[in-house]
Amino acid sequence: ATPPAAASTSEQRVDATVLDKAKRSNEACQAGKFRAAIDMYTEAIALDLNNHVLISNRSAAFIHIKKYQEALSDADKVIELKPDWAKGYYRRGIALQQL
């Protein structure tokens, strides 16, 4: 059997960039800078379209700035990507409650 191929250097760079943007986004949220966090989450999501955690975190940031339709869209995407993850439904419920 052949060993699995190692990740390419460009894939490793993308992963490191996503992790850096996710970390900075989380820090921005903790500092109450939700619009900046949304921008950074959006940049990270563009590099990793199926990352349900990033999308869920952006949904939470949208909720904080009362952008409930955007929060709902993100929550629905989270549910689509990870239907067995309760947090997607939680975000969806909060967004729907506010609409």
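The values are calculated or read from the model by the stated rules, or taken from the named source; none is laboratory data. Model, not experiment: these values are computed from the prediction. Please note: Cβ atoms are built from the backbone with ideal geometry, for glycine as well, and neighbour counts cover all protein chains shown. These accessible areas exclude ligands, DNA and RNA; they are computed on the full protein's heavy atoms, side chains included. Shrake-Rupley method; radii C 1.70, N 1.55, O 1.52, S 1.80 Å.
Key figures
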{"read-out": "Packing-based order for 31-44, 51-64, using average beta carbon neighbours within 10 Å, highest first", "value": "51-64, 31-44"}
{"read-out": "Principal axes of region 43-95: Cα extent on each, largest first, Å", "value": "25, 25, 12"}
{"read-out": "Largest-first principal axis extents of the Cα set of the chain (Å)", "value": "53, 29, 17"}
{"read-out": "Principal-axis tilt of helix 34-47 within the chain, Cα atoms, nearest 10 degrees", "value": "40 degrees"}
{"read-out": "Accessible surface, the chain, averaged per residue in Å² (probe 1.4 Å)", "value": "63 Å²"}
{"read-out": "Charged-residue dipole, Cβ positions (Lys, Arg, Asp, Glu), the chain about Cα centre, Debye nearest 20", "value": "380 debye"}
{"read-out": "Carbon plus sulfur fraction of accessible area for the chain, probe 1.4 Å, in percent", "value": "53 percent"}
